[in-house]
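Structure first, then comments.
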C-alpha cells in the first residue's frame, strides 16, 4: 500500500520511517532530497479520510495546522492518503512553560470559534450539536459493548449507573463549535516557547466544546496549576471559557470508560498498558 501511495504522490524520499506512536492512522516520516520533511498519513477508514480532508479546508488560514501538500482519495484497498508538511518541533509535554500553555489556550479557543455554516458542504464531518445528549449516550453505549466483555459485571453495572447520574447534572451544551475530539499533547506540536500547530483531524465534529477539554486536562493541565491558569488566560483572550469544574468530572469518567472499550476493539495485546491504566482509573472513580 505504501508503494502505491508513494507512486500516487510521485514521491521518491531519501528515507522513510514509520511513526510508531500513531494510534489510529498509519503515518510515515519522509526525508526529501531537498532536506525537507513531509509526512504520509493513511487514515484508518474512508470516513476518517473524509473528515480529515474537510478539516483542512475549514481550518486553513484560521488555525495553525500542517500544509496539505497533496491527497489521494484511495481505492478499494486503501481508504485514502495525505501528504503533509512538517510542523517544526516536538509534541507538547508537561515540562512546557506557561507561555506555551497560554498559546495552547489561544489555539484551542480559535478552533472552538469556528461554527458550521451553509457554505460548508460536509460528507465526513457531522454537526452533532443539535442532538448532543444523544451523541454522548451513543458513544458511551457503543463502547460499552466492548467494555462489558473485559471488565467485571458488577463494575460495568456501577459504571452505567454513574454515567446516567452524572449526565443529569450537566449544564446546557456550549456550541456549536468545531471540536477536535482528540485534543491531547501528542497532537500539539511545540518548538521552544512557540506552538507550531495541531495535527490529526480524523475524529473532528461540530458539537459542544465541553467534551474537548478532557484529554488535554488528563495529560497536561492537571499536572501544574500554573500551566492550567495560563491555558485558561489564553483561551479567554479569544472567547469565554465554560465552567470546567462542572463538566470535566463527567467527561473524564466517560473517556476512561470508553477508552477501555477502544482497547478491546483495537486489540488488548497491542494496548495493554493503556487498558490497565484506564481500568485502574475506572475502579478508582467508582470507589470515590
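Relative to the dominant Cα principal axis of the chain, helix 244-266 is inclined by about 60°. Principal-axis analysis of the Cα atoms of the chain puts helix 153-167 at an angle of about 90° to the longest axis.
Out of all Cα-Cα pairs in the chain, roughly what percent, to the nearest whole number, are more than 26 Å apart? Within the chain, distances greater than 26 Å cover 48 percent of Cα pairs. Compared with the dominant Cα axis of the chain, that is its longest principal axis, helix 98-112 is turned about 90°.
Taking every DSSP helix (H) stretch of at least 4 residues in the chain, weighting each as -39,500 (n - 2.57) and dividing the sum by the residue count yields a mean residue ellipticity at 222 nm of -14000 deg cm²/dmol.
Taking neighbour counts of Cβ atoms within 10 Å as a proxy for exposure, in what order, fewest first, do 78, 287, 30 appear?
With the sparsest Cβ surroundings first, the list reads 287, 78, 30.
Counting neighbouring beta carbons within 10 Å and listing from fewest to most, the residues 10, 182, 224 come out as 10, 224, 182.
Inter-label distance, residue 186 to residue 10: 3.5 nm, where each label sits 7 Å from its Cα along the C-beta direction.
Only Cα pairs under 8 Å and 6+ residues apart enter the sum, and on that basis the relative contact order of the range 91-287 stands at 35 percent. Subtracting the Cα-Cα distance of residue 99 and residue 154 from 0.36 nm times their residue separation leaves 15.3 nm of extension gain. Of interest is the spacing of the C-alpha centroids, which for the range 27-49 and the range 223-281 amounts to 27 Å. For the residues 278, 229, 17, a GNM of the chain with alpha-carbon springs under 10 Å puts the largest fluctuation on 17.
Every number in this text was worked out from the coordinates using simple rules, so none of it is lab data. These numbers come from a predicted model, not from an experiment. A quick note on method: Cβ atoms are made from the backbone with ideal geometry, for glycine too, and the neighbour counts reach across all protein chains shown.
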